[in-house]
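The values are calculated or read from the model by the stated rules, or taken from the named source; none is laboratory data. Everything numeric in this text was worked out from a predicted model, so none of it was measured. Here the Cβ is made from the backbone with ideal geometry for all residues, glycine too, and neighbour counts use every protein chain on show.
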Amino acid sequence: MSGAGALRIGVLGCGRWGPNHIRNFSSFEESTVVAAADPDPAKLQQVRRAHPGIRLTANPRELLRDRTIHAIVIATPTSTHAALVREALQAGKDVLCEKPLTDDLRSATALTALADRMQRILMVGHVFLYHAGIHALKQYLVRKTLGRIHYLNLTRLNRGPIRHDVSVIWDLASHDISILGYLLGFPDPKAITVSAGAFLQRNVEDVAFIGFRYPSGALANIHVSWCDPRRVREIVIVGDRRTAIWDGMASSDTIRLCEGRIDAEPRYRDYGEFQLIPRQGRVTIPYVQQREPLRAQAEHFLQCVRTRRRPMTDGRFAVDVIRLLEATERRIRAARNGSR
């Protein structure tokens, strides 16, 4: 139930994520979802059954023109984001847009500048940055709990859902690039390597291995796939003191801290090199209070709208993510053209 002075929200897109946004924003006293739009009548009917009081329409422009709606949530295909975000900002509405903000750097940069000019909140739904486990990983890096970081390995696998407007890189790797940006602060990689395959659709990659080498010497590897029968969400961060393992599929005990290092023994093999002996240590499972990341993201959006504070995942953050996505895509196109 929402209060009389609640923020009035319209949701564009009632497919996979839209109904979850409606559920969360409808549960707060300080917000109410008053309308939703989707061109699919079946999806609108599902929303009507769950939320009978919401006005429904097939035309998103009805919500954008409605002056009684204060904020817009955009959960439509990526290819539609740029136009809808632009119209919402020009209509004077605060915006929460699903990731990625757009499918090209130029439009994302322009939308960020437009939000600044209109003095509107523009927040992008990089939802994993609102996961308590990811926050814990960030604290380990800030406090140097793991020591000097050697490498990070990020794995995100499942069988579908297969997109047609963007590749697996823009769909899944955008999550992991945003996580790397949050954890490391977006240093420009000294080198980027990509190996990707389009097995299900022509020129739409569904599997990718992306490698970053950072100025500090640390490495990062991202493995994403729509083709794997397993559903995996995992991050491994290896330091010279400890290793942190995050399991995004676990309902509890999402993080494990593994103590251990590899030391050079003071003895030699016949060929004169040090023999490396692994030092095994204990594994600890720190307590991380779990809550729905999408709900935490919604709360952050409401707080930013109320206080006019810049969101953690604002337009500038989204632009940094898209910059690395485009750099990755350029390497794929170069490899594709070179193989012809």
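Looking at region 138-197, which of its residues are surrounded by fewer than 19 Cβ atoms within 10 Å (Cβ to Cβ), closer than 20 Å to ARG336 by Cβ and among the small types (Gly, Ala, Ser)?
Hits for region 138-197 are ALA191, SER195, GLY197.
Could you check ASP247 against (1) at pLDDT 95 or above; (2) acidic (Asp, Glu); (3) more than 20 Å from the chain's Cα centre (by Cα) and say which number it fails?
The one condition ASP247 does not meet is (3).
Could you say which residue among ILE222, ILE192 is touching a strand residue (DSSP E or B) at 6+ places or on another chain (Cβ under 9 Å), in contact (Cβ under 8 Å) with a residue 40 or more places away in the chain, within 19 Å of HIS126 (Cβ to Cβ) and part of a strand (DSSP E or B)?
Numbers: ILE192 fails: within 19 Å of HIS126 (Cβ to Cβ).
Every option except ILE222 fails the conditions.
What are the pairs with Cβ atoms under 6 angstrom where one residue, in region 239-253, is polar (S, T, N, Q) and the other, located anywhere, is part of a loop (DSSP other than H, G, I, E, B)? Sequence gap at least six, or different chains.
none
Please note which strands (runs of 3 or more DSSP E) are completely contained in region 1-119 and include at least 2 residues that are within 21 Å of the chain's Cα centre (by Cα). Don't jump to the end; show me each part of the working.
Working: elements: 7-12, 31-37, 55-57, 71-74, 94-98.
Result: 7-12, 71-74, 94-98.
Would you confirm whether or not region 202-225 contains a residue that is in contact with a His (Cβ under 6 Å, 6 or more places away or on another chain), in the same structural domain as LYS144 (by TED's automatic domain parsing) and not hydroxyl-bearing (Ser, Thr, Tyr)? Lay out the reasoning, then the answer.
Taking region 202-225 first, the residues in contact with a His (Cβ under 6 Å, 6 or more places away or on another chain) are 209.
Then keep just the ones that are in the same structural domain as LYS144 (by TED's automatic domain parsing); that gives 209.
Restricting the remaining residues to those that are not hydroxyl-bearing (Ser, Thr, Tyr) gives 209.
Yes, because at least one residue in region 202-225 is in contact with a His (Cβ under 6 Å, 6 or more places away or on another chain), in the same structural domain as LYS144 (by TED's automatic domain parsing) and not hydroxyl-bearing (Ser, Thr, Tyr).
Among the residues of region 74-88, write down those that are over 16 Å from PRO39 (Cα atoms) and surrounded by 21 or more Cβ atoms within 10 Å (Cβ to Cβ).
Selection gives VAL85, ALA88.
When you scan region 35-42, do you find a residue that is within 17 Å of ALA75 (Cβ to Cβ), without any contact (Cβ under 8 Å) to a residue 12 or more places away in the chain and surrounded by fewer than 21 Cβ atoms within 10 Å (Cβ to Cβ), even just one? Write out each step before concluding.
We begin by selecting, within region 35-42, every residue within 17 Å of ALA75 (Cβ to Cβ); these are 35-40, 42.
From the residues that got through so far, the ones that are without any contact (Cβ under 8 Å) to a residue 12 or more places away in the chain too are 42.
Retained after the next criterion (residues that are surrounded by fewer than 21 Cβ atoms within 10 Å (Cβ to Cβ)): 42.
Yes, there is a match, as at least one residue in region 35-42 is within 17 Å of ALA75 (Cβ to Cβ), without any contact (Cβ under 8 Å) to a residue 12 or more places away in the chain and surrounded by fewer than 21 Cβ atoms within 10 Å (Cβ to Cβ).
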